[in-house]
Amino acid sequence: MGKNLYITEKPSVAVSFATVLGVNVSKSDRARGYAESKDSIITWCFGHLITLAFPDAYNEAYKQWRVDHLPIIPEEYKYIVIDNDGTKKQFETIKTLMLREDIDYVYSCTDSGREGEYIFRLVYEHSGSTKPVKRVWVSSQTEDAIKEGIRSAKDITHYDYLSQAAYSRAKEDWLFGMNFSRIYTCLYGRNLSALLKESKSSVIAIGRVMTCVLGLVTERELEIRNFVAKTHYGITADFLSLDNKIEYKGKWAPERGKSIKVDKEAQDGDRYIEKQEAEAVIEKLKGKEAKVKKVEIKSKKEQPPLLFNLAELQSEANKKFKLPVDKTLETAQSLYEKKLITYPRTDCRVLSTDVVGEFPKVLNGLFLNPAYKDIVSRIKDFGELKVTKSTKRYVDDKKVTDHYALIPTYVTADLNKLSENEKKIYNLVVKRFLAIFYPPAVYNTVRVETEVAEEIFITSSRTLKEAGWKEVYEVSKSKDEEDLTEVPIHLLSKNEKCETKEFGLDEKETKPPSRYTDGSLVITMEKAGKFIEDEELREQIKTSGIGTSATRAGIIKKLKDIGYININSKTQVVTPTLKGEAIVELVRRTAKELLSPSLTASWEKGLAMIENKETTQEIFEKKLCDYINRTIEKVKRSNKSNSINLIRLFKDAALLKE
């Protein structure tokens, strides 16, 4: 009987598999690139080992960047081993192992997702092996999960549609990058370098997702730059109730439909008017009787938040710790490889029903950690677990795609052995998970309407009655709570007369939209559908966004690394550079759909449709090639008819310093 060959995506993951398989990985094994026992061999990739070849692999002439070569669309794509000595050596090691006669089965143990599938398929295809392959699909690196993953491994053909989507995604990015980067560089590189006062012609990097994201950042910056503030006025009143002697403040709520013109640009849900009109209302109300018209007292429940997916985790870490999104992903991946959390590259915020049976084990693992012992004890005091297979808010098989939401595993973490970032990210994941087993937070809310000459003034308060899940969190005050009063207005009585001590003008200035942080940019990329006006298309792509959970952080980082955006290290605020703005302006004037979130997200939707067997790889790639051909020709035509002078353009916009 022969041996089984197990191939993981990284050396660190190979160690986890080796432990389960009873294979010892020595220093010499690491050096040679694999470890072996009497019935198993474990080896590993270094992430991607093979990539698509550059255009000159198809034609030597393509070493020169020329417009008349474009578009470059290969009939058959070529792949090469990445040009790195260590990478080449490891590929040859895996290839040799795959071709060994004593290997019966190959097990693909790369990360369970599109990229992991692509990494393995390329290595297998280029090894020349015809050995049968099984796919190990796991959502955590615990021993139990790996054992079950190996036991239930399916034939690799079960994942053929995922593989097709992965290959199509790589071709798509190659076609966009190679063709559009070349044409914009050839046509406008010198123009851009003159603008930036660079000695060499600038290379203009264009990417399917990257350029769209750059467009979002630049568009926001232009909105802020062109924003003109407006002043709006509301009315406040200071009241003294005559029976209960309660002093409180009310905010005027103009009745809709009245003759007063309410400014539509007023923000925060308030309804503000011009100063003269507000003063006229105050004059009308002076000396008029005031009375309490209504006192509404309600108890309101607030449910625990949904579990984390990667984008929400990145956003939360960015807000709380100013942690860059790529650092959060790197940290989460490290925690995953240390068996402490489930697979981080997930877009899902709910769990599958088969995970529910693991809850007691996970809670017991957390109970053994002094940092979480008291929280878990409280959950045990509540009795039966609040979340079951029928709790649709957190458990829904229909909403789970490749991976379920991010949660901790049953492995008890030694926090002293974690880095500061690992502690922070692990704590976020653990507490978000523990919170779902707590009861809702309960608030007492009071809303008082005070009437003065048929005009209504609103006063609101909210007090936390039962902390519930908020025992687990440090809750910061939200913007919605800023106007709440701490005065005991619940003691006021309906029809109670009041003295109006003073009226006041509430002056507010409209504010421009906030700049993106890299945390909010990731969420914006995930929820690209909100930019799409067409309702049918918006509904069609609601489960897709710009990029994927695995790629969004890398795209933002690349934009920063190539000098198209700046990210403030303290605030994490994202702004475009002059170079980034110039590129967006060039694209806007020549092929503006490259900046469109709807186009970018619809391509992502197309890849998902391949995975889900809703379309074929052939149909998708034909549409892709048609688009590349059509758009390259459009850029060529626009250049002939519209010569763009970036220096003059940006001087006119007062963005260039003399």
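The values are calculated or read from the model by the stated rules, or taken from the named source; none is laboratory data. Note that the structure is predicted; figures quoted are calculated from it, not measured. When we count neighbours, we look across all protein chains shown, and the Cβ atoms used for this are built from the backbone with ideal geometry, even at glycine. Note: areas computed on protein heavy atoms with side chains; ligands, DNA, RNA excluded. Shrake-Rupley method; radii C 1.70, N 1.55, O 1.52, S 1.80 Å.
Which residues, taken from segment 428-450, are of a type in the set (Ser, Thr, Tyr) and open to solvent by less than 10 Å² (accessible area, probe 1.4 Å)? Walk me through how you get there before you give the answer.
So in segment 428-450, the residues of a type in the set (Ser, Thr, Tyr) come out as 438, 443, 445, 450.
Answer for segment 428-450, where residues must be of a type in the set (Ser, Thr, Tyr) and open to solvent by less than 10 Å² (accessible area, probe 1.4 Å): Tyr438, Thr450.
What's the total number of residues in segment 369-405 that are within 15 Å of Asp354 (Cβ to Cβ) and among the hydrophobic types (A, V, I, L, M, F, W, C)?
4
Do we have any residue at all in segment 366-388 that's without any contact (Cβ under 8 Å) to a residue 12 or more places away in the chain and among the small types (Gly, Ala, Ser)?
yes
Which of the residues that make up segment 105-154 are under 24 Å from Asp39 (Cα atoms), outside any strand (DSSP E or B) and under 28 Å from the mean Cα position of the chain (by Cα)?
Of everything in segment 105-154, those that are under 24 Å from Asp39 (Cα atoms), outside any strand (DSSP E or B) and under 28 Å from the mean Cα position of the chain (by Cα) turn out to be Thr110, Asp111, Phe120, Arg121, Val136, Trp137, Val138, Gln141, Thr142, Ala145, Ile146, Gly149.
Hey, could you check segment 480-525 for residues that are touching a helix residue (DSSP H, G or I) at 6+ places or on another chain (Cβ under 9 Å) and in a loop (DSSP other than H, G, I, E, B) and say which is least open to solvent (accessible area, probe 1.4 Å)? Before the answer, list the steps.
Initially, segment 480-525 is screened for residues touching a helix residue (DSSP H, G or I) at 6+ places or on another chain (Cβ under 9 Å), giving 500, 503-507, 512-525.
Those left that are additionally in a loop (DSSP other than H, G, I, E, B): 512-516.
Values: Pro512: 56, Pro513: 47, Ser514: 85, Arg515: 97, Tyr516: 13 Å².
For segment 480-525, the residue satisfying everything is Tyr516.
So, in segment 331-385, how many residues would count as being under 18 Å from Lys470 (Cα atoms), among the hydrophobic types (A, V, I, L, M, F, W, C) and open to solvent by less than 10 Å² (accessible area, probe 1.4 Å)?
Residues of segment 331-385 under 18 Å from Lys470 (Cα atoms): 371-382, 385.
Filter again for among the hydrophobic types (A, V, I, L, M, F, W, C), leaving 371, 375-376, 379, 382, 385.
Subsequent filtering for residues that are open to solvent by less than 10 Å² (accessible area, probe 1.4 Å) retains 376, 379.
Residues in segment 331-385 being under 18 Å from Lys470 (Cα atoms), among the hydrophobic types (A, V, I, L, M, F, W, C) and open to solvent by less than 10 Å² (accessible area, probe 1.4 Å): 2 in total.
Yes or no: segment 184-191 includes at least one residue that is open to solvent by 40 Å² or more (accessible area, probe 1.4 Å), more than 30 Å from Glu289 (Cα to Cα), without any contact (Cβ under 8 Å) to a residue 24 or more places away in the chain and out of contact with any Ser or Thr (no Cβ under 9 Å at 6 or more places or on another chain).
no
Residue check, Thr51 against (1) open to solvent by 40 Å² or more (accessible area, probe 1.4 Å); (2) in a helix (DSSP H, G or I), all met but one. Which one?
(2)
Taking interchain pairs and intrachain pairs at least six residues apart, which have beta carbon atoms under 9 angstrom, with the first residue in segment 599-625 and over 18 Å from Leu175 (Cβ atoms) and open to solvent by 40 Å² or more (accessible area, probe 1.4 Å) and the second outside any loop (DSSP other than H, G, I, E, B) and of a type in the set (Phe, Trp, Tyr)?
Met609/Phe620; Glu611/Tyr161; Asn612/Tyr161; Lys613/Tyr161
For segment 594-630, which positions are among the aliphatic types (A, V, I, L, M) and in contact with a Ser or Thr (Cβ under 7 Å, 6 or more places away or on another chain)?
If we filter segment 594-630 for residues that are among the aliphatic types (A, V, I, L, M), which is where we start, we get 594-595, 599, 601, 607-610, 619, 624, 628.
If the condition is that a residue be among the aliphatic types (A, V, I, L, M) and in contact with a Ser or Thr (Cβ under 7 Å, 6 or more places away or on another chain), then Leu594, Leu595, Ala601, Leu607, Ala608, Met609, Ile610 are the ones that fit.
Could you say whether any residue in segment 196-213 is in contact (Cβ under 8 Å) with a residue 60 or more places away in the chain, open to solvent by 30 Å² or more (accessible area, probe 1.4 Å) and more than 23 Å from the chain's Cα centre (by Cα)?
yes
Go through segment 178-218 and give me each residue that's in a helix (DSSP H, G or I) and under 21 Å from Ala553 (Cβ atoms). Steps first, please.
In the first step, residues of segment 178-218 are kept if they are in a helix (DSSP H, G or I); the result is 178-196, 210-218.
Selection gives Met210, Thr211, Cys212, Val213, Leu214, Gly215, Leu216, Val217, Thr218.
Just give me the residues in segment 31-48 being more than 37 Å from the chain's Cα centre (by Cα) and assigned to a loop (DSSP other than H, G, I, E, B), in sequence order.
Scanning segment 31-48 gives Ser37, Lys38, Asp39.
Can you name the number of the only condition in (1) closer than 28 Å to Gly149 by Cα; (2) assigned to a helix (DSSP H, G or I); (3) more than 35 Å from the chain's Cα centre (by Cα) that Lys89 fails?
Here Lys89 meets the rest and fails (1).
Please tell me if Glu593 is without any contact (Cβ under 8 Å) to a residue 60 or more places away in the chain, surrounded by fewer than 16 Cβ atoms within 10 Å (Cβ to Cβ) and in a loop (DSSP other than H, G, I, E, B).
On the way: without any contact (Cβ under 8 Å) to a residue 60 or more places away in the chain: yes; surrounded by fewer than 16 Cβ atoms within 10 Å (Cβ to Cβ): yes; in a loop (DSSP other than H, G, I, E, B): no.
No; evaluated as a whole, the condition is false for this residue.
So Asp402 fits all but one of (1) part of a loop (DSSP other than H, G, I, E, B); (2) at pLDDT below 90; (3) open to solvent by 90 Å² or more (accessible area, probe 1.4 Å); what number is the exception?
(3)
With the structure loaded, tell me whether Glu60 is among the acidic types (Asp, Glu), modelled with pLDDT of 95 or more and under 30 Å from Arg182 (Cα atoms) or whether it fails that test. Break it down stepwise before answering.
Working: among the acidic types (Asp, Glu): yes; modelled with pLDDT of 95 or more: yes; under 30 Å from Arg182 (Cα atoms): yes.
Against the criterion (among the acidic types (Asp, Glu), modelled with pLDDT of 95 or more and under 30 Å from Arg182 (Cα atoms)), Glu60 qualifies.
Do we find a residue being surrounded by fewer than 17 Cβ atoms within 10 Å (Cβ to Cβ), among the charged types (D, E, K, R) and in contact with a strand residue (DSSP E or B) (Cβ under 7 Å, 6 or more places away or on another chain) anywhere in segment 136-144?
no
When you check Leu240 against the structure, is it of a type outside the set (D, E, K, R), crowded, with 16+ Cβ neighbours inside 10 Å, at pLDDT 95 or above and in contact with a strand residue (DSSP E or B) (Cβ under 8 Å, 6 or more places away or on another chain), yes or no? Show your work before the answer.
Details: of a type outside the set (D, E, K, R): yes; crowded, with 16+ Cβ neighbours inside 10 Å: no; at pLDDT 95 or above: yes; in contact with a strand residue (DSSP E or B) (Cβ under 8 Å, 6 or more places away or on another chain): yes.
No; evaluated as a whole, the condition is false for this residue.
Go through (1) modelled with pLDDT under 95; (2) touching a helix residue (DSSP H, G or I) at 6+ places or on another chain (Cβ under 8 Å); (3) of a type in the set (D, E, K, R) and name the single condition Lys38 misses.
Exception for Lys38: condition (2).
On the basis of being touching a residue at least 40 places away in the same chain (Cβ under 8 Å) and touching a Ser or Thr at 6+ places or on another chain (Cβ under 7 Å), does Ser168 make the cut? Quick ask: steps written out before the conclusion?
Values: touching a residue at least 40 places away in the same chain (Cβ under 8 Å): yes; touching a Ser or Thr at 6+ places or on another chain (Cβ under 7 Å): no.
So Ser168 does not fit the description; no.
When the residues of segment 54-68 are narrowed to those that are part of a helix (DSSP H, G or I) and either surrounded by 14 or more Cβ atoms within 10 Å (Cβ to Cβ) or touching a residue at least 60 places away in the same chain (Cβ under 8 Å) (or both), which ends up nearest to the chain's Cα centre (by Cα)?
As a first pass, look at segment 54-68 and keep what is part of a helix (DSSP H, G or I): 55-57, 60-63, 67-68.
If we keep only those that are either surrounded by 14 or more Cβ atoms within 10 Å (Cβ to Cβ) or touching a residue at least 60 places away in the same chain (Cβ under 8 Å) (or both) too, we end up with 55, 57, 62, 67.
Numbers: Pro55: 32, Ala57: 36, Tyr62: 37, Val67: 36 Å.
The selected residue is Pro55.
Please give the number of the condition Ile72 fails out of (1) open to solvent by 10 Å² or more (accessible area, probe 1.4 Å); (2) assigned to a loop (DSSP other than H, G, I, E, B); (3) in contact (Cβ under 8 Å) with a residue 24 or more places away in the chain.
(1)
Looking at (1) in a helix (DSSP H, G or I); (2) open to solvent by less than 20 Å² (accessible area, probe 1.4 Å), find the lone condition where Tyr248 falls short.
Single failed check for Tyr248: (1).
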